[in-house]
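The structure follows.
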Amino acid sequence: MNRLYLATVLGLLALGAQAQLTRGVTAGYHLADVCVSFNPLIDPTFTPVATGRAGYHAGGFYRASAGLVYVQPQVWLTGLNQQFIIEDGTFTPEVLDWSLLRLDVPVEVGVKLGPFFGFVAPVYSLALAETGGLNLTDPGKGSWGGQVGVGLKLGGFQVSARYEGSLSTFGQTLTVGGIDFETDNRINQFIASAALKL
């Protein structure tokens, strides 16, 4: 664990010694896809259907660029909203509004080719609050996921499109350098984001 931290610090210092450092603000729009599993043997008439997939994020970033390579850690306050139509065998299905507020920390590692760039980003998410009574998350608990995307940078303004998914297909935890990182069945989503350098 100490060796990984030391290597990370030395890598950042080496990059920072020759990198151009910038910072700014960012905001974006999310299209999330919430999937709900249920046991039809318990109640075969209970069928939740998710609709309405809007969401947003707002936050800030730091960017270190060196040649064609850049690293851009960000901090987002993210809100995801969903509406569930619950069919229970009656003529009046129940409509339930659900929302999740969380803190996201994506760390983009990418390559620039002129005004275009592509990246991958591990993202740590901490659930802050959930409304709707479905208990799909555990507020106060965090986990790791992943993002991949492309973007366009024009001066101090940049836009990106990215896909975020879960790392849970690789197991409940990923072990890197002797450190275990918890993964989860996070909400898969497409994200459009804009950033402005300050």
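The values are calculated or read from the model by the stated rules, or taken from the named source; none is laboratory data. Quick caveat: nothing in here was measured; it's all calculated off a predicted structure. The accessibility values were calculated without ligands, DNA or RNA, using every heavy atom of the protein model including side chains. Shrake-Rupley method; radii C 1.70, N 1.55, O 1.52, S 1.80 Å.
Give the number of residues within the stretch 159-198 that are among the aromatic types (Phe, Trp, Tyr) and at pLDDT 65 or above.
Step one: of the stretch 159-198, the residues among the aromatic types (Phe, Trp, Tyr) are 163, 170, 181, 190.
Applying the additional criterion that residues be at pLDDT 65 or above yields 163, 190.
Counting residues in the stretch 159-198 that are among the aromatic types (Phe, Trp, Tyr) and at pLDDT 65 or above gives 2.
Considering only residues that are at pLDDT below 75 and open to solvent by less than 50 Å² (accessible area, probe 1.4 Å), which ones fall in the stretch 20-51?
Val34, Pro48, Ala50, Thr51
Determine, yes or no, whether Leu15 is outside any loop (DSSP other than H, G, I, E, B), open to solvent by less than 70 Å² (accessible area, probe 1.4 Å) and modelled with pLDDT under 75. Outline the logic, then answer.
Working: outside any loop (DSSP other than H, G, I, E, B): yes; open to solvent by less than 70 Å² (accessible area, probe 1.4 Å): yes; modelled with pLDDT under 75: yes.
Yes: the conditions hold for Leu15.
Could you tell me whether any residue of the stretch 118-135 is of a type in the set (Gly, Ala, Ser) and within 25 Å of Ala66 (Cα to Cα)?
Applying the first criterion (of a type in the set (Gly, Ala, Ser)) to the stretch 118-135 yields 118, 121, 125, 127, 129, 132-133.
Cutting the leftovers down to within 25 Å of Ala66 (Cα to Cα) gives us 118, 121.
Checked the stretch 118-135: at least one residue is of a type in the set (Gly, Ala, Ser) and within 25 Å of Ala66 (Cα to Cα).
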